[in-house]
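The values are calculated or read from the model by the stated rules, or taken from the named source; none is laboratory data. Note that the structure is predicted; figures quoted are calculated from it, not measured. Reconstructed Cβ throughout: ideal geometry from the backbone, glycine too, with neighbour counts over all protein chains shown.
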Amino acid sequence: MKSGAMVVKFTALLLFACTLFVVQPAQAKYASIIVDVESGRVLHESNSDTRNYPASLTKIMTLFMLFEALEKGQVSLDTRFKVSKRAWGQAPSKLGLKPGQTIRAEDAILALVTKSANDVATVVAEALGGTEYKFALAMTKRARALGMRRTTFRNASGLPNRRQLSTARDMALLGRRIMSDFPQFYHYFSRDRFTYNGRKYGNHNNLLGHYSGTDGIKTGYTRASGFNLVASVERGGRRLIGVVFGGRSAKTRDAHMESLLDRGFVRVAQIPTRSDLTQVAAEAARVAERIDANNPFRNKGSAPPILAQGDADPAQKVGSDGIAALVEDALERTGPWKIQVGAFKNSDAARRLAETAHGELRDLGAGLSIVVDRMSGRGLYRGRLGGIEDEDKARLACRVLQRRKLDCLPISPSKAKLAQN
């Protein structure tokens, strides 16, 4: 009897230990990435596609959803959100709201940015989604549409949930999109303090005011995640987004982020900006116009003479149209391969098709950016996916999309013309 009882007890303890093992979250792993915002070029990455716990970086997506609601007119900055008992019961960090109270949308934004208030995150989720669970599903769906293919949300705050996961690359993409999509709201991330009901709350982002050029965006921490940070820094007209997951402390995380950004600015200084290339293009166009104006065959129905090898002015060989092609070629060289899925008179239509194409690529589209740009002189907007490493992957992506009845053309970084797949 005793041995039988001992076996039962041992089995029970073993089952209990296995249960603990299953639900205990894995420890976060270090990951980082530095991205040039203008081109989307990755300047540094380490474990950038490893899925880790985002912690309060989650609130960047919560704010993205709130900014969309504001932009669509579904709510205003003065809309008051009601506090539920569930929101009141959230774990710290919190603003200390009571059930039945209300909070203005603008105050909610500032509370999320600075205090990183978990109770406010739930308030926003329930106001926009009905329940936090439904809001988290909507967050995940929207994130996937943005291209965050390895991100899943289970709540609006980032409080521990073993299924709430993201990557450094996905968070860098979210940081870029929240800046580009909502420039009218992005300034909130630069607020270093927030006063509510007579109490002052400081921003947890220590780079603000300490690392030159920093203007946002968000920190995160849980015991399982380690110390996380998404930072945006602009210097000399160049903006970088940096992401660090799994820091050992806020101090070491910040120091590491600054070191990565320092090296990133050294690298990005060697890459010409689109503004630089545009100035070159404008000067080239002026040269071409002078050449055409002085061409004795202009408007006489005859082709210009072909210059002999060694002629001093190569611009005369190509004319203004050739100059434009060369400029477009130079612009295309500033980034990796792209694919184009369509061109429309409406930028929203171009973006929607690009988002659809991104979704159809599934895991193949992880890390790709959605790009909508205007075709000079044609009044059309091109829907593209950028950030493809090489020609093989660009052509593979096009084959996948074509099997799904979507048009697709790979675009070489060294050629302006669209190559047929």
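The table that follows gives values for the structure above.
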| quantity | calculated |
| --- | --- |
| Filter result for the condition that a residue is at pLDDT 95 or above, in a strand (DSSP E or B), more than 23 Å from the chain's Cα centre (by Cα) and surrounded by fewer than 17 Cβ atoms within 10 Å (Cβ to Cβ), over T252, T195 | T195 |
| Selection count where residues are crowded, with 23+ Cβ neighbours inside 10 Å and either at pLDDT below 95 or within 18 Å of R362 (Cα to Cα) (or both), scope region 147-167 | 6 |
| Near pairs, Cβ below 6 angstrom, 6+ apart or cross-chain, from region 184-203 (farther than 18 Å from R104 by Cα) to any residue that is assigned to a loop (DSSP other than H, G, I, E, B) and among the polar types (S, T, N, Q) | D192/N203 |
| Whichever residue in region 45-64 is part of a loop (DSSP other than H, G, I, E, B) and out of contact with any helix residue (DSSP H, G or I) (no Cβ under 8 Å at 6 or more places or on another chain) and, among such residues, is surrounded by the most Cβ atoms within 10 Å (Cβ to Cβ) | Y53 |
| Among the residues listed as S76, S39, the single one being polar (S, T, N, Q), crowded, with 17+ Cβ neighbours inside 10 Å and either in contact (Cβ under 8 Å) with a residue 40 or more places away in the chain or touching a helix residue (DSSP H, G or I) at 6+ places or on another chain (Cβ under 8 Å) (or both) | S39 |
| Residues of region 168-192 that turn out to be surrounded by fewer than 19 Cβ atoms within 10 Å (Cβ to Cβ) and hydrophobic (A, V, I, L, M, F, W, C), as a count | 1 |
| Sole residue being assigned to a strand (DSSP E or B) and surrounded by fewer than 16 Cβ atoms within 10 Å (Cβ to Cβ), chosen from K200, K218 | K200 |
| Residue within region 236-243 that is more than 19 Å from G40 (Cα to Cα) and in the same structural domain as I109 (by TED's automatic domain parsing) present | no |
| Residues located in region 356-387, provided they are crowded, with 21+ Cβ neighbours inside 10 Å and charged (D, E, K, R) | R382, R384 |
| Some residue of region 209-219 being on the phi > 0 side of the Ramachandran plot and out of contact with any strand residue (DSSP E or B) (no Cβ under 8 Å at 6 or more places or on another chain) | yes |
